[in-house]
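Student: Can you read through this structure? Questions will come right after.
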Amino acid sequence: METVAQTPKYNLNEEQERKLILREYRSLLRSLKTKLKPGDKELLRVAFEMAAEAHKTMRRKSGEPYILHPLAVAKICVEEIGLGVRSTICALLHDTVEDTDISLEDIAREFGQEIARIVDGLTKISNVIDTNASQQAENFKKILLTLTDDPRVILIKLADRLHNMRTLESMKREKQLKIASETVYVYAPLAHRMGLYNIKTEMEDLAMKYMEPETYRDIAQKLAETKRERSKYINEFIRPIKEKLERWNFKFEVFGRPKSIHGISTKMKKKGVDFEEVYDLFAIRVILDSPADREKEDCWKVYSMITDEYTPSPERLRDWLSNPKSNGYEALHTTVMGPQGKWVEVQIRTKRMNEIAEKGLAAHWKYKEGTSDESRFDKWFQQIREVIGNNEADSIDFLQEFKTSFLAEEIYVYTPKGDVKMLPVDSTALDFAFSIHSAIGVKTIGAKVNHKLVPISHKLRSGDQIEIITSNKQKPSEDWLGFVVTAKARGRIKDALKEEKRKIADEGKYTVQRKLEGMGAALNQHNIEEIVQHYKLPSHLDLFYQVAIKNIDLKEIKDFKVVGENIEPPRPVKTVQEFKQEFNPAHGHNKKNDTELIIFGESSDKIVYNLANCCKPIPGDDVFGFVTTGKGLTIHRTSCPNATKLLSNYGHRVVKTKWAKNKEISFLTGLKIVGLDDVGVIHKITNLISGELRINISAFSLEAKEGLFEGNIKVFVHDREELETLVARLKELSGIESVERFDNEDIPA
Ligand code: MN
């Protein structure tokens, strides 16, 4: 664990403090120097004095005068994001409206509406992550609205967050964790999307330092230990390239750059390898000083020189010169075989591209001036506005969808005419169809990808050319929701399904009415409610729908009056809202912790929850619920490998949970069977499972070795009881040695 914070005790006297503040202010002015127009200096002075006066009595947790924070944020805006005078004024004032007596009117009077509006935006989004998941989603929506209003708001907000992360040390541990997780959840992806690579990387590294201190220190130490060796290698690699570039009179810089600690850690986890086995601990970067009209040509020339020296890997060429990323990133990346048989990534870009890579949006605008290139950002903002405008649905869903649709990496695909479309990674043919037009999306029956026929769920890859095949008879179905990742497609499919369900339900309503009237009862709220309760359905609509599709035949409703008395009382299922009232995570764990949240076998309309991927619970398992930021409730098994960590560190976020009986929905789980390899063993197993026990098998793989076999079987079971019966029966089969449940592996859907 962390030792006591190492920040030096803050002990300056008043005079020294005044000097420090002035020094910081002057340094800010210096960094703005080239951007100052007549009158700007005076305005900045007014803003600075206004903020300094307003925060006069306030101190940061470290003991420093508060004004040093807005000064630092302003400096990040200028030096690291490339913003100008107006943004600097906003950054200086960003905390005044929220924390001091200064009002928006004061700011508008002094600096005008534009600046007041930005400061207002900054004030509104002070809290993204809330213990209340739907509140959090609302806040995020708010951020996005302000963002599309004026992107400077989000850029200044990112600077604010970066400075808070840089000075996180003096905060309390819980606060550190909260701020750090919020940063990786929302701000780092936003920074990435804005093209601010350095800021994104620094945020992730800093967050990791607090969230996984041991891994962080471990990697940092190993990087330091191997530094000398790495520098030697980099120099050896660079030498011949340098000579060539000089011979050709290029103006350039070339250097090796270590990958971020967070990046290395992610790679180690994803590939399951040790630090020593991560081959790309660094990348070589070539930055060319090329005139605008020769940029592309020069980059390719350099590519050619490098690959004359070192053999490139054909799969690892990334041409973001011809197709910049939607966050504006342009460069040429290649991976070549360097000395000692090591793969080395080389990034080639010009000075202009480098500035865009580092300063993102702001730099992009600077260069965009005077060109006719339609801004990718404008397009992105337009899409966001469209989605927010159309989205009245659950805001937690929205947040999730937003992250997959707008913050993910993207791919480029082509229409049959060769128009390029940008989609988030993992998009399918169906996403593509909806991106063209909703009217096409709902009628899609398949697609031709690069002239080959594929199903609508086919995942697209960059460079694919797609032709959509439609039919007037086609209609969206429930499973389509599993085939799409874009918010637009999901939204339109949901709308279509709801519409369809309503239409069908109308017929069912008529059937129910006749049934009731046949018994001398009326179709009124009370009577419908009774029937809904009897069949344990979530809503009227569901009742009518189930009746219409003949899942319910109403035969049980023989004598309506009797039924009304005989049915069991409704279960004490709590809505999330009720649950929150009783159980307030903000007030520690002393409150009604023994409240049990009852989970249906499937997400009902009342409680939003997920089953944890790490332990794949099924009904009947001992479980607990864990309130996850952004995801609502996640259900883990008490035997989950993560359980201890969650229970011990976040006791206040744990909810007791148990299963309601439900025989309609089944859950996928895995069994590992070991036994003697014998003729007919597969037949015996499958016969028992699907023949006798009537359990659905989703996948079955078998490997035989030296007279033994090991089989992995994935089955759909309703609950633990059924699973236990299955395991017991399997063990009884002759030749079976062991049967074990496994869940530590991704079960493909
Ligand atoms: Mn601040």
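Student: When segment 46-62 is examined, which residues are found to be in contact with a Leu (Cβ under 9 Å, 6 or more places away or on another chain) and either within 19 Å of K157 (Cβ to Cβ) or more than 15 Å from the ligand (Cβ to nearest atom) (or both)?
Tutor: A47, F48, M50, A51, R60, listed by residue number.
Student: Can you tell me which of (1) closer than 30 Å to T415 by Cβ; (2) surrounded by fewer than 14 Cβ atoms within 10 Å (Cβ to Cβ) is the one G520 doesn't meet?
Tutor: The failed condition is (1).
Student: Can you say whether A188 is among the small types (G, A, S), free of Cβ contacts under 8 Å to residues at least 40 places away in the same chain, away from the ligand (no atom under 16 Å from the Cβ) and crowded, with 22+ Cβ neighbours inside 10 Å, as far as the supplied structure shows?
Tutor: yes
Student: While we're on this one: Restricting attention to segment 316-328, which residues are in contact (Cβ under 8 Å) with a residue 40 or more places away in the chain and closer than 15 Å to K296 by Cβ?
Tutor: Once the filter is applied, which keeps residues that are in contact (Cβ under 8 Å) with a residue 40 or more places away in the chain and closer than 15 Å to K296 by Cβ, segment 316-328 yields N323, P324.
Student: Got a sec? Which of T201, T226 is open to solvent by less than 50 Å² (accessible area, probe 1.4 Å), touching a residue at least 60 places away in the same chain (Cβ under 8 Å) and more than 16 Å from the ligand (Cβ to nearest atom)?
Tutor: Answer to the check: T201.
Student: Residues of segment 142-185 being more than 14 Å from the ligand (Cβ to nearest atom), at pLDDT 85 or above and not in a helix (DSSP H, G or I), which ones?
Tutor: Across segment 142-185, the qualifying residue is only K172.
Student: Out of all the residues in segment 690-721, which are touching a residue at least 40 places away in the same chain (Cβ under 8 Å) and not in a strand (DSSP E or B)?
Tutor: H718, D719, R720, E721
Student: What is the one condition in (1) under 39 Å from the mean Cα position of the chain (by Cα); (2) modelled with pLDDT under 85; (3) surrounded by 12 or more Cβ atoms within 10 Å (Cβ to Cβ) that N712 does not satisfy?
Tutor: Single failed check for N712: (2).
Student: If you take just the strands (runs of 3 or more DSSP E) that sit entirely in segment 431-479, which of them hold at least 2 residues that are open to solvent by less than 80 Å² (accessible area, probe 1.4 Å), closer than 26 Å to R318 by Cα and among the acidic types (D, E)?
Tutor: none
Student: Do you know which residues across segment 676-709 are touching a strand residue (DSSP E or B) at 6+ places or on another chain (Cβ under 9 Å) and at positive phi?
Tutor: Of everything in segment 676-709, just one residue is touching a strand residue (DSSP E or B) at 6+ places or on another chain (Cβ under 9 Å) and at positive phi, namely G707.
Student: OK, next. Give segment 524-560 a look and list any residue that's of a type in the set (S, T, N, Q), loosely packed, with under 14 Cβ neighbours inside 10 Å and under 18 Å from K503 (Cα atoms), or say none.
Tutor: Correct list: S539, N551.
Student: Let me ask something else about it. Look at segment 684-709 and say how many of its residues are farther than 23 Å from G620 by Cα and either small (G, A, S) or open to solvent by less than 50 Å² (accessible area, probe 1.4 Å) (or both).
Tutor: Residues flagged as farther than 23 Å from G620 by Cα and either small (G, A, S) or open to solvent by less than 50 Å² (accessible area, probe 1.4 Å) (or both) within segment 684-709 amount to 7.
Student: A further question follows. Condition first: more than 16 Å from the ligand (Cβ to nearest atom) and touching a Gly at 6+ places or on another chain (Cβ under 8 Å). Can you find one or more residues in segment 33-40 that meet it?
Tutor: yes
Student: Same structure, new question: Filter segment 243-256 for residues that are basic (K, R) and open to solvent by 90 Å² or more (accessible area, probe 1.4 Å) and give the result.
Tutor: R247, K251
Student: OK, next. E24 is checked against (1) part of a loop (DSSP other than H, G, I, E, B); (2) within 16 Å of the ligand (Cβ to nearest atom); (3) open to solvent by 60 Å² or more (accessible area, probe 1.4 Å) and fails just one. What number does that condition carry?
Tutor: (1)
Student: Still on this structure: Helices (runs of 4 or more DSSP H) wholly in segment 69-124 with at least 2 residues that are open to solvent by less than 10 Å² (accessible area, probe 1.4 Å) and within 16 Å of the ligand (Cβ to nearest atom) - which ones?
Tutor: 85-93, 113-124
The values are calculated or read from the model by the stated rules, or taken from the named source; none is laboratory data. Small disclaimer: the values here were computed from a predicted structure and weren't measured. Counting neighbours? That spans all protein chains shown, and the Cβs are built from the backbone with ideal geometry, glycine included. Calculation scope for accessible area: heavy atoms of the full protein, side chains included, ligands and nucleic acids excluded. Shrake-Rupley method; radii C 1.70, N 1.55, O 1.52, S 1.80 Å.
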